[in-house]
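Structure, as structure tokens:
The values are calculated or read from the model by the stated rules, or taken from the named source; none is laboratory data. Here the structure is a predicted model, which is why all the values come from computation and not from measurement. Quick reminder, even Gly has a Cβ in these numbers, built from the backbone with ideal geometry, and neighbours come from all protein chains shown. For accessibility, only protein heavy atoms count, side chains too; no ligands or nucleic acids. Shrake-Rupley method; radii C 1.70, N 1.55, O 1.52, S 1.80 Å.
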Amino acid sequence: MDNNKIKILLVDDEPDVLEVLSYNLLNQEYQIFTASDGSEAVIKAANSEIEKITETHKKLTEKIQKGTK
């Protein structure tokens, strides 16, 4: 993958939502990472240079942000 692409982490517990969002963003040439829960998101965010995180619940965002600091 191109290292110049913006890296986005999508987090949702619904696989269909992740699939649709991933498909649409990949067509716009973003580098996409997915996670199905907060724990997985924290691990992926810590191990990658994620630039954007998109999720569906505010509590999940707070957990991810605390886990990556």
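Would you mind finding the one in 59, 63, 69 that is part of a helix (DSSP H, G or I), modelled with pLDDT under 80 and loosely packed, with under 11 Cβ neighbours inside 10 Å?
Checking each option against the conditions leaves just 59.
Scanning for something surrounded by 14 or more Cβ atoms within 10 Å (Cβ to Cβ), at pLDDT 80 or above and part of a loop (DSSP other than H, G, I, E, B), does the stretch 37-47 turn up at least one residue? Within the stretch 37-47, not a single residue is surrounded by 14 or more Cβ atoms within 10 Å (Cβ to Cβ), at pLDDT 80 or above and part of a loop (DSSP other than H, G, I, E, B).
Listed residues 10, 18; which is in contact with an Asp or Glu (Cβ under 6 Å, 6 or more places away or on another chain) and either modelled with pLDDT of 65 or more or open to solvent by less than 80 Å² (accessible area, probe 1.4 Å) (or both)?
On the way: 10 fails: in contact with an Asp or Glu (Cβ under 6 Å, 6 or more places away or on another chain).
Result: 18 is the single residue among 10, 18 that is in contact with an Asp or Glu (Cβ under 6 Å, 6 or more places away or on another chain) and either modelled with pLDDT of 65 or more or open to solvent by less than 80 Å² (accessible area, probe 1.4 Å) (or both).
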